[in-house]
């Protein structure tokens, strides 16, 4: 929708009307982490559990998600977490979602065998966000892990 201001001839977007049309959703970032062993089965299983829990707790549908970014520690080499999510479950269609994986920065004393996720998504304004830290990921953010 466009508004014409009396002081100028240019039309500018009416952001308030656009937001109402979008059912008052805004962009959010959801986070999570899981530990895994360096096997394809472990990575597939733990990534699927982490992501499905994140999607369910936040009432996400595939249309709400803009992208999913993973990082993984250098000791996990058996499978890419993006591929693990695509192949590890069939409950949530991620075929049209941009997925990306990069290696976690190597920091002294950081936990090993860890996969982190950042889900960029649209949710209703003022939503209560539910981050998911499981299977050893709790030690990264005990403040989020303690929320059930």
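Each reported figure results from applying straightforward, stated rules to the coordinates on display, with no laboratory input. Every value quoted in this text rests on a predicted model; they were computed, and no experiment measured them. Here Cβ is always computed from backbone atoms with ideal geometry, including for glycine, and neighbour counts include all displayed protein chains.
Each label was represented as a point 7 Å from its Cα along the Cα-to-Cβ direction; for residue 109 and residue 66 these points are 3.5 nm apart.
Under the shape rule built on the C-alpha gyration tensor, where the axes satisfy a ≥ b ≥ c, the stretch 31-148 is oblate, since a/c reaches at least 1.5 while a/b does not exceed b/c. Sorted ascending by nearby beta carbons within 10 Å, beginning with the fewest, 121, 51 become 121, 51. Based on the alpha-carbon gyration tensor of the stretch 24-74 and its eigenvalue square roots a ≥ b ≥ c, which shape applies: rounded if a/c is under 1.5, prolate if not and a/b is larger than b/c, or oblate? Prolate.
The fewest-to-most ranking of 77, 53 by surrounding Cβ atoms within 10 Å reads 77, 53. The protection proxy used here, the mean number of other Cβ atoms lying within 10 Å of each residue, ranks peptides 101-108, 24-31, 131-138 as follows, highest first: 131-138, 24-31, 101-108. By the Cα gyration tensor, the stretch 66-114 has an equivalent ellipsoid whose semi-axes, rounded to whole angstrom, run 24, 12, 8 from largest to smallest.
Legend: ranking of residues 141, 116, 87 from fewest to most surrounding C-beta atoms inside 10 Å; resulting order 87, 141, 116.
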